[in-house]
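The values are calculated or read from the model by the stated rules, or taken from the named source; none is laboratory data. Worth saying up front: this structure is predicted, and the values here are computed from it rather than measured. Note: ideal-geometry Cβ built from the backbone for every residue, glycine included; neighbour counts use all protein chains shown.
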Amino acid sequence: MDKTMEQSVLKELDFESVNADLFDFLDRSPNAFFAVRNMKAALEEAGFVRLQESERWDLRAGGAYYVTRNDSALIAFRIPEKVFTGFQIMASHCDSPVFKIKTNSEITVEKKYIKLNVEKYGGALCAPWLDRPLSVAGRVIAETEEGIETRLVNIDRDLLIIPNLAIHFNREANDGYRFNLQKDMLPLLGEISDHPADGGGEGGAGAQDKRFLALIAGEAGVMPGQILDADLYIYCRMKAAHVGLHNEYIAGGRLDDLQCAFASLQGILQAEPTDSVAVHCVFDNEEVGSGSKQGAAGTFLYDTLHRINAAMGRTEEDYMRAVASSFLVSADNAHAVHPNHPDKSDPTNRPYMNRGIVIKYNASQRYVTDAVSASIFRSICRKAGVPFQTFANRSDMLGGSTLGQIALSQVSLNAVDIGLPQLAMHSPYETAGAKDTAYLVEAARLLFSGSVQSEGDGRYTLKFGK
Ligand code: ZN
């Protein structure tokens with residue numbers, strides 16, 4: 001990208017308002033259930049019609065719809081007015097590495113403390129969870145007259161803390177520490193008073209049991225006895241913020257991968273599809289291998305594309321032809337060069353924050369990018385007027401994987417792995433560039449407005465709309 005082009009981009013895009021909306025989305029989405037709820041609200045406000053997987057779908061050309069699975073994965077799509085030639089898909093994920101609260105969660109310590117039993121979800125960095133305000137959010141399943149219902153709960157205050165062990169008890173703490181997940185990571189909920197009626201003091205009867213459950217039930221607006229089960233996770237209370245000499249960085253919780261999910265959502269809200277169906281797809285459970293009904297290895301995307309095809313009165317042959325002229329962008333954040341560890345990055349593919357969308361390569365296809373899909377995506381970025389850069393792992397280091405390869409086992413089509421450059425991936429508070437989200441919104445808008453028509457023999461006609 002030459003300098004003139006980058007400068008014209010700087011003028012056009014409103015980085016400030018994009019980041020303000022992103023911060024709001026991050027802060028109000030402590031986990032996948034809330035990310036989906038917030039995306040639903042934005043889609044409904046824009047006129048997208050809600051579909052249920054359990055009901056008949058009556059779709060029409062020019063319509064905009066969304067469907068969720070497990071309340072933790074979401075697909076939104078816009079059908080063009082014309083007979084469609086394919087699907088233009090951006091897939092991201094809305095789960096993040098975290099600590100899940102186990103069932104039977106309360107542990108008392110010496111009749112003085114109440115702490116919560118938790119287990120690790122995904123490849124979380126442990127250290128940054130310690131010594132900062134945390135709270136709890138998730139869903140509870142309540143018994144009703146007819147069956148069961150789901151309620152989301154978020155204890156919106158500083159509730160928990162995981163205290164470090166003082167250095168005086170471990171003089172080698174700064175020489176590298178191996179975290180014991182059953183011992184070091186349990187958050188402190190509070191204390192038990194000395195009053196025997198409260199279960200505390202000598203010979204206390206342990207009436208402290210279910211105090212946490214009562215708190216959750218109160219927040220959910222149900223009686224504790226009504227709660228049959230719950231999926232609850234801790235989250236970091238630190239709000240998203242700008243940092244840097246010129247506010248050039250953003251920091252916040254769950255940038256991996258809510259930053260991409262947010263950009264994809266903004267892209268479809270602004271898109272004007274002409275030839276292909278635009279599909280905004282956000283999966284759950286990427287951080288634990290995607291192997292759930294709401295993950296990329298499940299049938300959610302496959303089922304939804306099939307149902308769109310059938311509801312528009314098209315045949316299976318039409319579906320196969322549409323898939324051959326479709327394109328999937330797997331959008332999941334990428335590692336920027338680290339200022340303290342620049343040697344961890346590949347010698348020639350070195351992404352930096354604020355330098356644009358990262359195209360990820362891996363010869364073993366842990367990233368699905370190839371020359372064709374990268375070329376299609378580079379064309380989209382050029383047309384959008386946004387910068388892009390490249391990532392590959394050092395050849396002597398194993399990198400992460402993402403949902404692209406897994407999604408392709410369900411729906412096999414041309415696909416590229418991309419992401420936005422960030423630092424401290426899988427920390428509860430991550431750092432990224434203040435410009436890059438807006439770049440991806442632009443690229444997503446063009447992706448969703450366009451089409452990738454296969455002409456055979458490696459030739460494709462690319463249309464990008466406006
Ligand atoms: Zn990710």
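Just give me the residues in the range 1-45 being over 19 Å from GLU248 (Cβ atoms), among the hydroxyl-bearing types (Ser, Thr, Tyr) and at pLDDT 95 or above, in sequence order.
SER29
Looking at the range 272-299, I want the residues that are among the basic types (Lys, Arg) and have a partner that is surrounded by fewer than 23 Cβ atoms within 10 Å (Cβ to Cβ) with Cβ atoms under 9 Å, at least 6 apart or on another chain. Which pairs are those?
LYS293/ARG69; LYS293/ASN70; LYS293/THR299
What are the pairs with Cβ atoms under 8 angstrom where one residue, in the range 343-365, is over 22 Å from GLU248 (Cα atoms) and the other, located anywhere, is assigned to a loop (DSSP other than H, G, I, E, B) and of a type in the set (Phe, Trp, Tyr)? Sequence gap at least six, or different chains.
Every condition considered, the pairs that remain are LYS360/TYR367; TYR361/TYR367.
Being free of Cβ contacts under 8 Å to residues at least 24 places away in the same chain, aromatic (Phe, Trp, Tyr) and within 30 Å of ARG254 (Cβ to Cβ) is true for just one of TYR121, TYR65, TYR113. Which residue is that? Walk me through it before giving the result.
Working: TYR121 fails: free of Cβ contacts under 8 Å to residues at least 24 places away in the same chain; TYR113 fails: free of Cβ contacts under 8 Å to residues at least 24 places away in the same chain.
None of the others qualify; the one that does is TYR65.
Strands (runs of 3 or more DSSP E) wholly in the range 225-320 with at least 1 residues that are in contact with a helix residue (DSSP H, G or I) (Cβ under 8 Å, 6 or more places away or on another chain) and within 27 Å of PHE464 (Cβ to Cβ) - which ones?
The strands (runs of 3 or more DSSP E) meeting that bar are 276-283.
Could you list, in sequence order, all residues of the range 363-388 that are in a loop (DSSP other than H, G, I, E, B), hydrophobic (A, V, I, L, M, F, W, C) and surrounded by fewer than 18 Cβ atoms within 10 Å (Cβ to Cβ)?
ALA363
Report yes if some residue within the range 275-283 is away from the ligand (no atom under 16 Å from the Cβ), surrounded by fewer than 20 Cβ atoms within 10 Å (Cβ to Cβ) and at pLDDT 95 or above; otherwise report no.
no
Output the residue which, of all residues in the range 98-114 that are crowded, with 20+ Cβ neighbours inside 10 Å and not aliphatic (A, V, I, L, M), is nearest to CYS260 (Cα to Cα).
In this case the residue turns out to be PHE99.
Would you mind stating whether GLN410 is within 16 Å of the ligand (Cβ to nearest atom), of a type outside the set (Gly, Ala, Ser) and either closer than 24 Å to VAL282 by Cα or without any contact (Cβ under 8 Å) to a residue 40 or more places away in the chain (or both)?
no
Looking at this structure, is SER290 crowded, with 18+ Cβ neighbours inside 10 Å and either closer than 12 Å to PHE87 by Cα or in contact with a Gly (Cβ under 6 Å, 6 or more places away or on another chain) (or both)?
Taking the combined requirement at face value, the residue does not satisfy it.
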